[in-house]
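Comments concern the structure below.
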Amino acid sequence: MIYSRPIRVLHALFAFGITLQLLLSSVMRQPRPGRLRTASEALTFTVHEYVGLALILVLFAHWVLHMAGHAPKGRAHFFPWFSRERLHRLGDEARELLPLKLGQPETQDAIAGAIQGFGLVIATLLALTGGIVFFGMADDGTMTTAARSIRKVHTTLAPLMWGYLGIHIAAALAHVVAGHRTVLAIFRLRGG
């Protein structure tokens with residue numbers, strides 16, 4: 001698959017930023033009134049906040065490029081739920097995958113596109129809810145009821161991103177093992 005340079009750069013930023021966010025979330029500790037935190041818990045939380053704000057910008061740039069037509073196979077590739085034809089293709093591809101036979105990623109890509117779209121939506125929701133919590137929380141962790149509710153949504157979505165990341169990496173590795181090296185094109189940051 002051929003990806004534009006901006007899409008490849010944004011993918012690299014996503015891969016690094018989202019992985020870092022997930023790792024930070026496993027060791028950080030959010031401030032709460034009266035809660036003592038170690039220096040590393042406080043530092044990892046602060047880094048999580050600012051990496052999250054940077055990811056909001058990356059996601060915004062990605063959505064702008066996506067809507068401007070930079071998605072190689074179009075928007076429906078990532079969001080097939082609104083097309084009868086795309087849904088049929090998803091079903092056909094799922095049946096093809098039942099015997100665990102991976103086809104070429106250029107032709108057998110309906111499920112991959114739908115999963116990538118799911119990941120993009122989850123990342124966007126995590127970034128937006130995290131941004132709301134960032135601006136809705138005092139330094140000591142005090143939050144309004146609305147901000148606390150948004151934080152619950154944020155923490156509920158995080159395991160979905162862990163699952164997405166695991167599936168995404170496993171699928172890419174399965175393709176590489178099957179000899180489908182074209183999946184690695186997204187990581188080529190130099191060149192056209």
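The values are calculated or read from the model by the stated rules, or taken from the named source; none is laboratory data. Keep in mind the model is a prediction, meaning the values are calculated, not measured. Cβ atoms come from the backbone with ideal geometry, glycine included; neighbour counts cover every protein chain shown.
One residue is enough: does region 80-92 have a residue meeting the conditions at pLDDT 85 or above, of a type in the set (Phe, Trp, Tyr) and closer than 28 Å to Ala158 by Cα? No, region 80-92 has no match at all.
Among the numbered conditions (1) under 19 Å from Tyr164 (Cα atoms); (2) crowded, with 17+ Cβ neighbours inside 10 Å; (3) of a type outside the set (D, E, K, R), the only one that Thr44 does not meet is (1).
Can we say His48 is within 24 Å of Ile115 (Cβ to Cβ) and in a helix (DSSP H, G or I)?
On the way: within 24 Å of Ile115 (Cβ to Cβ): no; in a helix (DSSP H, G or I): yes.
For His48, the condition - within 24 Å of Ile115 (Cβ to Cβ) and in a helix (DSSP H, G or I) - is not met.
I need the full set of residues from region 154-172 which are surrounded by 15 or more Cβ atoms within 10 Å (Cβ to Cβ) and of a type in the set (A, V, I, L, M), in order please. If the condition is that a residue be surrounded by 15 or more Cβ atoms within 10 Å (Cβ to Cβ) and of a type in the set (A, V, I, L, M), then Leu157, Ala158, Leu160, Met161, Leu165, Ala171, Ala172 are the ones that fit. Residue under question is Met28, and the condition is that it be modelled with pLDDT under 90 and in a loop (DSSP other than H, G, I, E, B); does it hold? Against the criterion (modelled with pLDDT under 90 and in a loop (DSSP other than H, G, I, E, B)), Met28 does not qualify.
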